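Have a look at the structure below, then the notes.
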Amino acid sequence: MQPPPPDVTSGGSADDAQHASRRNAVSWLLRYCSDILAVSDMEVRKLRHDPTELLTRAIQPMLWLLVFGEVFARTRAIPTGDVGYLDFLAPGILAQSVLFVAIFYGISVIWERDLGILHKFLVSPAPRTALVLGKALSAGARALSQAVIVYALALILGVRMNWHAAPLAGVVLFVTLGAAVFSTFSLIIACIVKTRERFMGIGQVLTMPLFFASNAIYPTEIMPEWLKWIAHVNPLTYEVDGLRALMLAGGSSGLGLGLDVGVLGATLALLVAVAGRMYPRIVV
């Protein structure tokens, strides 16, 4: 409970009240960030205890880049302008890897409920949105491992990458935002279906449409009109667009980096608000 503001009528001034209000706001924000980091740290520790997950998740981007990418680069079947197809594909495969890591993140919430861990979270004084953001941030940390894998593969395949500090920082931002968006969406699904079997089925149904209804493996210009409309409301499209502009040497954004960040940020804010209200219902 926050301490009451000073009583202006009993000797306190309006300035004192404003200063106290600011101190309370700063104190609340620090506690809020601390709760987010605590949840995130706990989730990242799980990854340190089981690093084999990183190796198994490296297989999928390897197949897409080494098999699919190499074959379609030779056929020249997909028009990508002045950009080679492998260069065009690498950011899309990174975004796909982030999606696949994040979209099944909600199953951990179901496990936590079954093990009784979730009840301990929910009786803590931490705001529900802080718990959701903590899990979203930890999903971003897991997804960054995929970025390392894709960058290594791209380097081996001769993709012309941008190695300057500012674009690399931008890639970290987009990977983290993308993972946060899809992991929070995953958490909402877990709160609705509440069982592992149903969750896995729905997760598998969603991943492919999200992936193929984006600009990850082909430009939106060659899509039929109905698919273009879907692509433009798909958050993955904006993540790929931002990554393509930042990862590649001489890369550019077709939609604008400001719009890419804005869409991902607004989507995350909306999903966190929804997930924060639904999070306690998973235990019911």
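Some notes on this structure:
- In the range 179-203, the residues that are over 17 Å from Y279 (Cβ atoms), of a type in the set (A, V, I, L, M) and buried (at least 19 other Cβ atoms within 10 Å of the Cβ): A179
- Residue satisfying all of: in the range 153-178; of a type in the set (A, V, I, L, M), more than 18 Å from L257 (Cβ to Cβ) and in contact (Cβ under 8 Å) with a residue 24 or more places away in the chain; surrounded by the most Cβ atoms within 10 Å (Cβ to Cβ) among these: A154
- Residues that are among the polar types (S, T, N, Q) and either more than 16 Å from R244 (Cβ to Cβ) or in a helix (DSSP H, G or I) (or both), drawn from the range 135-170: S138, S145, Q146
- Residue match in the range 234-242 (condition: closer than 29 Å to I36 by Cβ, out of contact with any Ser or Thr (no Cβ under 9 Å at 6 or more places or on another chain), in a helix (DSSP H, G or I) and hydrophobic (A, V, I, L, M, F, W, C)): no
- Only one of the listed residues (V272, V175, V261, V181) is part of a helix (DSSP H, G or I) and touching a Pro at 6+ places or on another chain (Cβ under 8 Å). That residue is V181.
Since every read-out is calculated from the coordinates, none of them should be taken as a lab result. Remember, it's a predicted structure, so these values are computed and weren't measured experimentally. A quick note on method: Cβ atoms are made from the backbone with ideal geometry, for glycine too, and the neighbour counts reach across all protein chains shown.
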